[in-house]
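Written below as structure tokens is the structure these notes are about.
Every number in this text was worked out from the coordinates using simple rules, so none of it is lab data. Remember, it's a predicted structure, so these values are computed and weren't measured experimentally. No Cβ is skipped: glycine too gets one built from the backbone with ideal geometry, and neighbour counts run over all protein chains shown.
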Amino acid sequence: MAEPPFGQIKNSGFRGFSVRGKEKVAGEFSLVCSAYNFKKIVKLVSNGINPS
């Protein structure tokens, strides 16, 4: 079930890549995914739930 994270990433404002080239796009996508995961971890920790 991989569709919800992509929808949530799009709803947060990410609509397209601002670089060209496969390697640069992969780097930008990794950064976007890392920000999404970090945001989830911060939300879980702030609610008092252990993420592991």
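Here is how the numbers come out for the structure above:
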{"read-out": "Residues (surrounded by fewer than 13 Cβ atoms within 10 Å (Cβ to Cβ) and either of a type in the set (A, V, I, L, M) or in contact (Cβ under 8 Å) with a residue 40 or more places away in the chain (or both)) located in segment 1-31", "value": "1, 2, 19, 26, 31"}
{"read-out": "Selection within segment 3-51 - among the aliphatic types (A, V, I, L, M) and part of a loop (DSSP other than H, G, I, E, B)", "value": "19, 49"}
